[in-house]
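To start, the structure itself, in structure tokens.
The values are calculated or read from the model by the stated rules, or taken from the named source; none is laboratory data. Computed from a prediction, not measured in an experiment: that's the story for all the values here. Here the Cβ positions follow ideal geometry from the backbone for every residue, glycine too, while neighbour counts run over all protein chains shown.
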Amino acid sequence: MQMREAAERLLFAETLEEKLLLSPRDAADDEPGRALATPDGPGRPRELKVCAKGVRVDFPGIHRLDDDRERGVMLHFLANHELLAAELMALVLLKFPDAPKEYRAGVYAAMREEQMHTAMYVRRMKDCGIAFGELPVNDYFWRIIAPMETPLDFVTRLNLTFEQANLDFSKHYAALFRQAGDHSTAAVLEKIYQDEIGHVGHGLKWFRRWKERGRTDWDAFRKSLVFPLAPVRAKGIAPFNAEGRRLAGLDEDFIRHLEVCEQSRGRTPVVHWFNPNAEGHAMPGCYRPDKTEVALEQDLEMLIAGWCRKDDVALLRQPPTREHRAELKRAGFELPEILSLDDLTGRKLGGLRPWAWTPDAVEFLKPMAGEVSPSVPWQWREALPREWFSKEIGLRLEKLLGLPEIATLCRSEDEALAAVAGLLEGGQALAKAAFSHAGRGHKRINRDSPAEATRNWLRKTIAAHGGVTVEPWRERVLDFSALYGMDAAGRAELVGLTCMDNDPAGRFLGTRVSPKWASMLDPEVAAFLHREAKVMEWYQEKIPAVLAAVVPGYVGPLGVDAMVYREPDGSLSLKHVVELNVRMTMGRVALELLKKSAPNRSGRLRILRKAKVADLAEFRGGSLQGGPVILNDPASAREFLAVWEVG
């Protein structure tokens, strides 16, 4: 018998018996015939028909391994995949008659094994009371692989993608079935696992022969796949099996890259971008970030992993090393897909979410606007009003709440000097640049402060920011933040409260979070906030009720920073609004990290100066179950390290 005859029978037969009839092991290949045009689909009995339009049939999963019907449903799903693989191998033999004889012989041998796999599944399925064709079948493999233009396309799509993923699945599920006492199904999966090692190895051999010279296996594989295929499809939804890949001949570089590779497997991804210098980009005039601000953007962008979902996309300026991604996965993180802007060309997207909608984000994300589904909330938008990133917006919130106006917004040097002079009569003053944040751009002024230095600071700051606020200096006891999410209807919902760690000058160092916010408070402060200040009434009811009037039309995260301070007589007071942040915040990142961590535990997010960390080992070895984890890559960080610690 000729290989072509065997391939034609398998591909076009309309009975299952014919499709699974094994041809001789040593079929001849001296009459390969003319190249076949790709048919719309393989021949199938009526009950197993697949069509070009596709039928969506999700993997049923295994909830009860002791239930015969559930096992049968899973086996039905897998049998169809094995049959499709056999049909696609037959298509390769018919579509590429001029492919090397050695390659074709390997495909023919694998085709026979796929027929045997299908037959084994069908027998076990029958034992479970399910007939092949009793349930719907999908044609995903056919739609993705059949349009192949070269044998290399087949090798990358089937051997190195779907069959490689089966190295994870078949081994893992064989063990599960054996543990459940179903040794017959376990034996089928173990046999398939061993054969898949050979199929992947055969594909790898020819992939290396045909790939572009000079590229590593990983780089060539990644470049060869066309959407919707991506390297992540070469991993099964099961524990990653590095040993099986080594047995197939894949090198360590390929294996380690694949292990940390992620991409959405269905849901269109939301794209996240980290632009923490939002206030600077909102300033009037031309903003030029200084060295520290540039380092902030580049060093801390992996914080995106704190709040986004596994099947989202993180657009990074400098992706972390493979080793650091592996360390984060070991710590329990489900990483998003990490890409550059060029990698998103042609991808359908489920939304765009920068840290803040400032002019830099608007310009950067605009090329992707047309790829966002119109049905999702996170559309591209024009920049938010400039004043929403200034101290003015916090003063506006205070006014709407009917709180006393303690801070003064000054637009001129003389106005600011007068406000400072008035406060110095009774104590000290604190001046804040209009677009400052995280405690930067602040100046504490007392009676001993050099007048000329104060005047120069005010003059330069007002020229750059368009204004300063001036308020009394207070003895801070507690800095905290209330974090909200606002929807398209203008409803603001409290997500949580955090405690901020700031240095004596008010500069941000970190934030602490806990399932019970009050448990982090000093008893005196807790008693004051809950009994006298009615803290929850303010932050759960009064403040969210007016936020839509302060930032009309806004959708997304925002935060209200607040402060407990001590009066000269020793009593405590609450400054309800220190500032309003119309963007993502570090506090919100910490709350989202807490959700990913072990339940009923507290957490602490710290931003450390790398130069002041004497021993990085002090911050390693932890996980989302407990201990410290460095979120960004220490190898490439210039100035900052972000450390999350579950307490």
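General observations
- Filtered residues of region 330-342 (kept if surrounded by fewer than 14 Cβ atoms within 10 Å (Cβ to Cβ) and either over 15 Å from the mean Cα position of the chain (by Cα) or closer than 17 Å to Phe240 by Cβ (or both)): Arg330, Asp342
- A single entry from Leu494, Leu424, Leu417 fulfils the requirement of being surrounded by fewer than 20 Cβ atoms within 10 Å (Cβ to Cβ), aliphatic (A, V, I, L, M), more than 24 Å from Asn275 (Cβ to Cβ) and under 35 Å from the mean Cα position of the chain (by Cα): Leu494.
- Residues that are in contact with a Pro (Cβ under 7 Å, 6 or more places away or on another chain) and among the hydroxyl-bearing types (Ser, Thr, Tyr), drawn from region 77-127: Tyr103
- Residue in region 252-290 that is nearest to Gly332 (Cα to Cα), counting only those that are touching a residue at least 12 places away in the same chain (Cβ under 8 Å) and exposed (fewer than 15 other Cβ atoms within 10 Å of the Cβ): Arg265
- Of the strands (runs of 3 or more DSSP E) lying entirely inside region 546-614, those carrying at least 1 residues that are modelled with pLDDT of 95 or more and of a type in the set (Phe, Trp, Tyr) are 556-566.
- Members of region 177-196 that are over 14 Å from His117 (Cα atoms) and in contact with a helix residue (DSSP H, G or I) (Cβ under 8 Å, 6 or more places away or on another chain): Phe177, Arg178, Asp182, His183
- Within region 484-517, considering residues that are in a strand (DSSP E or B) and among the acidic types (Asp, Glu), the one nearest to Arg583 (Cα to Cα): Glu493
- Considering region 1-23, and only residues there that are free of Cβ contacts under 8 Å to residues at least 40 places away in the same chain and part of a helix (DSSP H, G or I), the residue that is surrounded by the fewest Cβ atoms within 10 Å (Cβ to Cβ) turns out to be Glu17.
- When restricted to residues that are surrounded by fewer than 18 Cβ atoms within 10 Å (Cβ to Cβ) and either not in a helix (DSSP H, G or I) or not assigned by TED's automatic domain parsing to the domain that holds Pro284 (or both), region 359-380 contains 6.
- Residue check, His437 modelled with pLDDT under 95 and crowded, with 20+ Cβ neighbours inside 10 Å: yes
- Checking the stated criteria, Trp388 turns out not to satisfy the condition of being part of a loop (DSSP other than H, G, I, E, B) and farther than 21 Å from Leu458 by Cα.
- Of the candidates Lys205, Lys235, Lys223, the single residue that is closer than 26 Å to Pro100 by Cα, at pLDDT below 95 and not aliphatic (A, V, I, L, M) is Lys223.
- The one condition in (1) modelled with pLDDT under 95; (2) over 37 Å from the mean Cα position of the chain (by Cα); (3) surrounded by fewer than 13 Cβ atoms within 10 Å (Cβ to Cβ) that Thr408 fails to fulfil: (3)
- Listed by position, the strands (runs of 3 or more DSSP E) inside region 392-454 whose residues that are in contact with an Asp or Glu (Cβ under 8 Å, 6 or more places away or on another chain) number at least 2 are 408-410, 429-433.
- Those residues of region 451-488 which are over 38 Å from the mean Cα position of the chain (by Cα) and of a type in the set (Asp, Glu), in sequence order: Glu452, Glu471, Glu475
- Extreme residue, modelled with the highest pLDDT, among residues of region 34-62 that are closer than 21 Å to Val122 by Cα and aliphatic (A, V, I, L, M): Leu48
- Candidate set from region 317-329 (those that are assigned to a loop (DSSP other than H, G, I, E, B) and touching a residue at least 24 places away in the same chain (Cβ under 8 Å)); member that is surrounded by the most Cβ atoms within 10 Å (Cβ to Cβ): Pro320
- Among the residues of region 5-33, the one identified as of a type in the set (Lys, Arg) and modelled with pLDDT of 95 or more is Arg9.
- Comparison of Ala635, Ala545, Ala562 shows that the only residue that is in contact (Cβ under 8 Å) with a residue 60 or more places away in the chain, under 28 Å from Ser390 (Cβ atoms) and among the small types (Gly, Ala, Ser) is Ala562.
- Each residue in region 146-172 was checked for being touching a helix residue (DSSP H, G or I) at 6+ places or on another chain (Cβ under 6 Å) and surrounded by fewer than 22 Cβ atoms within 10 Å (Cβ to Cβ), and 3 of them qualify.
- Taken as a whole, the structure leaves Leu65 outside the set of residues that are assigned by TED's automatic domain parsing to the domain that holds Ala105, touching a helix residue (DSSP H, G or I) at 6+ places or on another chain (Cβ under 7 Å), modelled with pLDDT of 90 or more and surrounded by 16 or more Cβ atoms within 10 Å (Cβ to Cβ).
- Residue-level analysis places Arg233 outside the set of residues that are in contact with an Asp or Glu (Cβ under 9 Å, 6 or more places away or on another chain), in contact (Cβ under 8 Å) with a residue 60 or more places away in the chain and assigned by TED's automatic domain parsing to the domain that holds Thr161.
- Among residues of region 129-140, those that are touching a residue at least 12 places away in the same chain (Cβ under 8 Å) and surrounded by fewer than 20 Cβ atoms within 10 Å (Cβ to Cβ), counted: 7
- If only residues of region 339-357 that are in a loop (DSSP other than H, G, I, E, B) and either modelled with pLDDT of 95 or more or not basic (Lys, Arg) (or both) are counted, the one that is farthest from Ala278 (Cα to Cα) is Gly346.
- Total residues in region 303-316 satisfying the condition of being modelled with pLDDT of 90 or more and in a loop (DSSP other than H, G, I, E, B): the figure is 3.
- For region 598-615, the criterion of being surrounded by fewer than 16 Cβ atoms within 10 Å (Cβ to Cβ), touching a residue at least 60 places away in the same chain (Cβ under 8 Å), among the polar types (S, T, N, Q) and within 20 Å of Leu497 (Cα to Cα) is met by at least one residue.
- Yes/no for Arg209 being closer than 20 Å to Ala326 by Cβ and either of a type in the set (Asp, Glu) or surrounded by fewer than 16 Cβ atoms within 10 Å (Cβ to Cβ) (or both): no
- Helices (runs of 4 or more DSSP H) lying entirely in region 71-180 (those with 2 or more residues that are in contact with a Phe, Trp or Tyr (Cβ under 8 Å, 6 or more places away or on another chain) and over 22 Å from His202 (Cα atoms)): 101-127
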